[in-house]
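Chemist: Just passing along the structure, written as structure tokens.
Readers should treat all values here as calculations from the given coordinates under stated rules, not as data from a laboratory. In this text the structure is predicted, and so the values were computed from the model without any measurement. When we count neighbours, we look across all protein chains shown, and the Cβ atoms used for this are built from the backbone with ideal geometry, even at glycine.
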Amino acid sequence: MVMSLCVLLGGCSSLSGPTSAPLDAPIKVVVGPVILESPLPESTQIHSFSDDPSPEFEPVIMAQLVDELQTKAQQILTEQLAHQSGLVVVPFNETRRMLADLAPAGIPLTAEQIDALATQSGVDVVITGLIHDYGKVRWQY
């Protein structure tokens with residue numbers, strides 16, 4: 001009785017089916033710009049100063065801090081993805097050189113610019129990012 005039950009259940013269920021075979025070649029990835037979507041109103045919300053910047057220098061300092069934040073985010077994302085198995089990531093410095101020819105810094109890429117970056121770097125995937133709420137903690141957390 002037990003043997004016939006196993007045969008019957010074996011006919012109704014199976015462990016076979018589509019399997020995920022290992023990739024023949026790793027996926028080539030380039031990390032494009034990471035953009036701070038809504039800039040913060042003051043530089044003191046990004047950086048601590050011993051003396052607050054004067055109002056005439058605030059726009060210059062703010063632009064430098066936002067650029068540094070976006071660049072660092074792109075670099076960290078590139079480095080973290082490079083540690084993942086199955087991915088070949090274009091190095092950060094190479095990507096920055098390619099982006100300098102494609103678009104001004106701090107502006108999201110258009111679809112055409114993304115295609116151009118993919119072609120120029122010879123990758124399968126282009127990743128870009130948006131930082132929505134820098135320095136804010138949502139109430140759910």
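Chemist: Whose amide H sits under 5 Å from the amide H of Asp124, counting only residues 5 or more places off or on another chain, with H placed in the peptide plane?
Modeler: Placed amide hydrogens put Lys28, Val29 under 5 Å from Asp124.
Chemist: Work out the length of the dipole vector of the stretch 23-131 about its Cα centre, built from +1 on the beta-carbon of each Lys and Arg and -1 on the beta-carbon of each Asp and Glu, and round it to the nearest 20 debye.
Modeler: Details: 4 positive and 15 negative charges, 87 e Å.
Its charge dipole is roughly 420 debye.
Chemist: Residues in the stretch 75-111 near a label at Asp124, defined as backbone nitrogen under 20 Å from the 7 Å Cα→Cβ point?
Modeler: Counting only backbone N, you get 78-92, 95.
Chemist: Moving to a separate point now. Give, in nm to one decimal, the length gained when the segment between Asp115 and Glu94 is fully stretched (0.36 nm per residue of separation minus the Cα-Cα distance).
Modeler: 5.9 nm
Chemist: Follow-up question, since we're still on this one. The stretch 23-131: percent of C-alpha pairs farther apart than 20 Å? Walk me through the intermediate numbers first.
Modeler: Values: 2705 of 5886 pairs.
Value for the stretch 23-131: 46 percent of Cα pairs lie more than 20 Å apart.
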